[in-house]
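Working notes, structure below.
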Amino acid sequence: MDSSRRRVLQLLGLSSLALTAKPVFNAFAKEQAHAEKTEPVIKESEKALKAKQWAMVIDTREFHSEEDLKPLIAVCDKIHNVPHLANKRHEIKWIWGAPYHNTFPDKAGRFLSEEVEHKPFLVLCNHCENPPCVRACPTKATFKRESDGIVLMDFHRCIGCRFCMAACPFGARSFNYRDPRPFIVKIDKNFPTRMKGVVEKCNFCSERLAVGQLPACVEAAEGKLHFGDLYDPESEVRELIKTNYTIRRKQQLGTEPSVYYIV
Amino acid sequence: MLELAIKGSKKYYGWMAFLLVIVGVGFLLYLKQLDFGLGITGLSRDTSWGFYIANFTFLVGVAAGGVMVVLPYYLHDYKAYGKVTILGEFLAIASVLMCVTFILVDLGQPMRILNVFLYPSPRSVLFWDTIVLNGYLFLNIIIGWNVLEAERNGVHYQKWLKPLIYISIPWAVSIHTVTAYLYCGLPGRGFWMTAILAPRFLSSAFAAGPALLILLCLIIRRLTDFDPGREQIQSLAKTVAYAICINVFFFLCEVFVSFYSNIPDHMDHIKYLFVGLQGHGAYVPWMWASFGLMIVGIILTVNPSTRKNEGVLAVACVAIFAGTWIDKGLGMIAGGFTPSPLHEINEYIPSIPEIMIALGVWALGFLVLTALYKIAVGVKEEVHG
């Protein structure tokens, strides 16, 4: 090889290395960059509901059968364009019912009452305070919103690696194994539909909170679900946690789920 | 040196064409997957990683296994390996290439892959895995190519390569360690959540990689004028013997901890794989076959009389390669996902298109490997022949 060609190749190699390395350095240098850059401001609605960490309390004593859960699940599926796929492998689920020993596999005692053994428990994303899914994501497509602790998804950034699904100890995440749009009963234009190849999950109705509405399931539950700020000592959820015996799913893993169950 | 890869016998072209056909079939099916989505695989909501990621994990091991010839040669000055280090390095290149391709075909939105660099997330192990894998690929390309070129020209390789060579040794360990960390740091996945996962990965890697290398050496001796050498093959065989023993030992440690502690979260996955759980047991025959193959491998490689017989050694290497592949390429991933976090069992069985796409990736790797080995052997024949 003559030396000038080698020189050019070396330069090309070095410059491509520099190009790929730049965003990495940017990430590490972000702290300093903050001071100079002006962040874009998103105007908030005056009606927006705010909290340090949104939390949900589910009063399981009030739910007795699939029938009781149905309206909650239906309204969520409807407003979030959750598709209904017949193939169980491709299912998309945001909120659903599961038996006691599946919801709380670590707490599944034997000889439970007939009722507890057979009735379904509501399960959904726990919006953990230490979410393992957020740690796992290689693109920050899933992130914990600092302003209110909701674990959100950016459907447009997700590369579909499904590391978050392996990381979630609650099976709360679903992957679009195929184009979901043909399987949406009626598309609601107020919420984005997803494309194939991305992960999705419950978002605690962040789009409703932004305009002053409680999550759709909470509204549909007519008082059986409670929603509020975990860090406001005066909030309803805090009062319920204080005055009732509550459990959370897989507490021992230290993810600090924000969904509490009164049992 | 590239010209050596395009001048070959009819047999060489025939083999390359055969591989290209398999790559082509895999590619066509991949186009189908791009169009339909990952739904054409056997993956599900519960088992969200499968055959692709399992093969990726196994091949990271094969890539790391190359260090078992590099380390004795460069660190211990074990001269005999001078003849075969290039084979280890080129095997690493082809393996990492397969790894990267397996990651690509596993992505739901592969065209967004650059998001990993645009939004780097140092808290994600996948971010580090990308770095160590690509780094290892470049290290091996630079080292392998330059050392071989120097050999061809009859000069000593460039001085600046030495630090890179030294770095490449711990780097090989790092690629499989970081790959194990993808799994073992996840809360709520009892099967993977063990500090011994990275050591276990490494031990199976140092068995599978050199075992494949021995087989490749035997093939090269038969097909070309270059003889990698009896001593070299025997030394590699001892490495394989130690590594496969350690691998089985680590697995038994795992079994003891899980079953003596009697913690269901840890036991259930092993039960599912080896005896079946709640009536589901698709992997049971495979896992016992894997265990049996590894035991056969131990007997044949530890025993000097069988190890020294190259025909028997070849059988042992095939057994070890197949056994470790089933262990890591089938059981490790499916077993970790079953039962699911909600303790449900939805068995994962790879689909036909999924297997064909995976075969295409393997064929692509062997295509590159054949071309690289053609170059390496060509140079060796020139210099020594």
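Just to verify a result, which residue in the range A:83-95, among those that are touching a residue at least 24 places away in the same chain (Cβ under 8 Å) and more than 10 Å from chain B (Cβ to nearest Cβ), is farthest from A:His127 (Cα to Cα)?
The extreme case among them is A:His84.
Could you run through the range B:25-58 and say how many residues are closer than 26 Å to B:Ala322 by Cβ and among the small types (Gly, Ala, Ser)?
Here the count works out to 4.
Say whether the condition of being hydrophobic (A, V, I, L, M, F, W, C), closer than 28 Å to B:His384 by Cα and either away from every other protein chain (no Cβ under 14 Å) or within 23 Å of the chain's Cα centre (by Cα) (or both) is met by at least one residue in the range B:14-36.
Yes, some residue in the range B:14-36 is hydrophobic (A, V, I, L, M, F, W, C), closer than 28 Å to B:His384 by Cα and either away from every other protein chain (no Cβ under 14 Å) or within 23 Å of the chain's Cα centre (by Cα) (or both).
Among (1) modelled with pLDDT of 95 or more; (2) surrounded by 19 or more Cβ atoms within 10 Å (Cβ to Cβ); (3) touching an Asp or Glu at 6+ places or on another chain (Cβ under 9 Å), there is one condition B:Leu218 misses while meeting the rest; what is its number?
With respect to (1) modelled with pLDDT of 95 or more; (2) surrounded by 19 or more Cβ atoms within 10 Å (Cβ to Cβ); (3) touching an Asp or Glu at 6+ places or on another chain (Cβ under 9 Å), B:Leu218 is out only on (2).
Determine whether B:His176 is more than 14 Å from chain A (Cβ to nearest Cβ) and more than 16 Å from the chain's Cα centre (by Cα).
no
If A:Phe111 meets every condition in (1) assigned to a strand (DSSP E or B); (2) free of Cβ contacts under 8 Å to residues at least 40 places away in the same chain; (3) more than 12 Å from chain B (Cβ to nearest Cβ) apart from one, which number is that one?
(1)
Any residue at all in the range B:323-338 that's hydroxyl-bearing (Ser, Thr, Tyr) and closer than 21 Å to B:Phe201 by Cα?
yes
What residue, among those in the range A:241-252 that are part of a helix (DSSP H, G or I) and either surrounded by 17 or more Cβ atoms within 10 Å (Cβ to Cβ) or at pLDDT below 95 (or both), is farthest from the other protein chains (Cβ to nearest Cβ)?
Per the criteria, the residue is A:Ile241.
Can you find, within the range A:132-150, the residue that is farthest from the other protein chains (Cβ to nearest Cβ) among those that are closer than 15 Å to A:Thr255 by Cβ and charged (D, E, K, R)?
Here the residue is A:Lys144.
Of the numbered conditions (1) part of a loop (DSSP other than H, G, I, E, B); (2) under 28 Å from A:Asp229 (Cα atoms); (3) of a type outside the set (Ser, Thr, Tyr), A:Leu122 satisfies every one except a single condition; which is it?
(1)
So, A:Arg162, is that one touching a helix residue (DSSP H, G or I) at 6+ places or on another chain (Cβ under 7 Å), farther than 30 Å from A:Thr60 by Cβ, without any contact (Cβ under 8 Å) to a residue 60 or more places away in the chain and among the basic types (Lys, Arg) or not?
no
So A:Tyr260 fits all but one of (1) part of a loop (DSSP other than H, G, I, E, B); (2) more than 28 Å from B:Gly335 (Cβ to Cβ); (3) aromatic (Phe, Trp, Tyr); what number is the exception?
Among (1) part of a loop (DSSP other than H, G, I, E, B); (2) more than 28 Å from B:Gly335 (Cβ to Cβ); (3) aromatic (Phe, Trp, Tyr), A:Tyr260 violates only (1).
Output the number of the condition that A:Pro99 fails; it satisfies all remaining conditions of (1) crowded, with 19+ Cβ neighbours inside 10 Å; (2) within 14 Å of chain B (Cβ to nearest Cβ).
With respect to (1) crowded, with 19+ Cβ neighbours inside 10 Å; (2) within 14 Å of chain B (Cβ to nearest Cβ), A:Pro99 is out only on (1).
So if I check each of B:Ile352, B:Ile375, which one is farther than 30 Å from B:His266 by Cα, free of Cβ contacts under 8 Å to residues at least 60 places away in the same chain and either more than 17 Å from the chain's Cα centre (by Cα) or surrounded by fewer than 19 Cβ atoms within 10 Å (Cβ to Cβ) (or both)?
Answer to the selection: B:Ile352.
Find the helices (runs of 4 or more DSSP H) located wholly in the range B:114-210 whose residues include 3 or more that are buried (at least 23 other Cβ atoms within 10 Å of the Cβ), and list them.
Answer list for the range B:114-210: B:125-153, B:161-184.
Being more than 20 Å from the chain's Cα centre (by Cα), over 19 Å from A:Lys242 (Cβ atoms), not in a loop (DSSP other than H, G, I, E, B) and not hydrophobic (A, V, I, L, M, F, W, C), is that true of even one residue in the range A:50-61?
No; the residues of the range A:50-61 include none that is more than 20 Å from the chain's Cα centre (by Cα), over 19 Å from A:Lys242 (Cβ atoms), not in a loop (DSSP other than H, G, I, E, B) and not hydrophobic (A, V, I, L, M, F, W, C).
Give the range A:254-263 a look and list any residue that's within 14 Å of chain B (Cβ to nearest Cβ), crowded, with 18+ Cβ neighbours inside 10 Å and out of contact with any His (no Cβ under 9 Å at 6 or more places or on another chain), or say none.
The one that is within 14 Å of chain B (Cβ to nearest Cβ), crowded, with 18+ Cβ neighbours inside 10 Å and out of contact with any His (no Cβ under 9 Å at 6 or more places or on another chain): A:Thr255.
For the range A:123-135, indicate whether the set of residues that are surrounded by fewer than 24 Cβ atoms within 10 Å (Cβ to Cβ), aliphatic (A, V, I, L, M), touching a strand residue (DSSP E or B) at 6+ places or on another chain (Cβ under 8 Å) and closer than 27 Å to B:Leu118 by Cβ is non-empty.
Yes, some residue in the range A:123-135 is surrounded by fewer than 24 Cβ atoms within 10 Å (Cβ to Cβ), aliphatic (A, V, I, L, M), touching a strand residue (DSSP E or B) at 6+ places or on another chain (Cβ under 8 Å) and closer than 27 Å to B:Leu118 by Cβ.
Which residues, taken from the range A:207-240, are buried (at least 19 other Cβ atoms within 10 Å of the Cβ) and not in a loop (DSSP other than H, G, I, E, B)?
A:Arg208, A:Leu209, A:Ala216, A:Cys217, A:Val218, A:Leu225, A:His226, A:Phe227, A:Gly228, A:Asp229, A:Val237
Within the range A:151-180, how many residues are in contact with a Phe, Trp or Tyr (Cβ under 8 Å, 6 or more places away or on another chain), more than 7 Å from every other protein chain (Cβ to nearest Cβ) and crowded, with 21+ Cβ neighbours inside 10 Å?
Summing the residues that are in contact with a Phe, Trp or Tyr (Cβ under 8 Å, 6 or more places away or on another chain), more than 7 Å from every other protein chain (Cβ to nearest Cβ) and crowded, with 21+ Cβ neighbours inside 10 Å in the range A:151-180 gives 1.
Which of the following residues is modelled with pLDDT of 95 or more, surrounded by fewer than 17 Cβ atoms within 10 Å (Cβ to Cβ) and in a helix (DSSP H, G or I): B:Ile357, B:Ile295?
None of the other options fit; the residue is B:Ile295.
Is there a residue in the range A:188-199 that is within 14 Å of another protein chain (Cβ to nearest Cβ) and without any contact (Cβ under 8 Å) to a residue 40 or more places away in the chain?
yes
Can you pull out every residue in the range B:107-166 that is among the charged types (D, E, K, R), touching a residue at least 12 places away in the same chain (Cβ under 8 Å) and within 12 Å of chain A (Cβ to nearest Cβ)?
Correct list: B:Asp129, B:Glu149.
Has the range A:193-204 got at least one residue that is of a type in the set (Val, Ile, Thr), part of a helix (DSSP H, G or I) and under 17 Å from the mean Cα position of the chain (by Cα)?
Checking the range A:193-204: not a single residue is of a type in the set (Val, Ile, Thr), part of a helix (DSSP H, G or I) and under 17 Å from the mean Cα position of the chain (by Cα).
Taking B:Ala80, is it surrounded by fewer than 23 Cβ atoms within 10 Å (Cβ to Cβ), away from every other protein chain (no Cβ under 12 Å) and modelled with pLDDT under 95?
Spelling it out, B:Ala80 is indeed surrounded by fewer than 23 Cβ atoms within 10 Å (Cβ to Cβ), away from every other protein chain (no Cβ under 12 Å) and modelled with pLDDT under 95.
As an exercise: evaluate B:Ala63 against (1) over 18 Å from B:Pro170 (Cα atoms); (2) more than 7 Å from every other protein chain (Cβ to nearest Cβ); (3) touching a Cys at 6+ places or on another chain (Cβ under 7 Å); (4) not acidic (Asp, Glu) and give the number of the one condition it does not meet.
Status for B:Ala63: all satisfied but (1).
Residues are listed down the side, and each one gets a yes or a no for (1) without any contact (Cβ under 8 Å) to a residue 60 or more places away in the chain; (2) part of a helix (DSSP H, G or I); (3) buried (at least 24 other Cβ atoms within 10 Å of the Cβ):
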residue: B:Leu28; (1), (2), (3): yes, yes, no
residue: B:Gln33; (1), (2), (3): no, yes, no
residue: B:Gly39; (1), (2), (3): yes, yes, no
residue: B:Leu43; (1), (2), (3): no, no, yes
residue: B:Asn55; (1), (2), (3): no, yes, yes
residue: B:Val60; (1), (2), (3): no, yes, yes
residue: B:Ala63; (1), (2), (3): no, yes, yes
residue: B:Val69; (1), (2), (3): no, yes, yes
residue: B:Tyr74; (1), (2), (3): no, yes, no
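The values are calculated or read from the model by the stated rules, or taken from the named source; none is laboratory data. Since this is a predicted model, take the numbers as computed values, not measurements. Backbone-built Cβ (ideal geometry, glycine too); neighbour counts: all protein chains shown.
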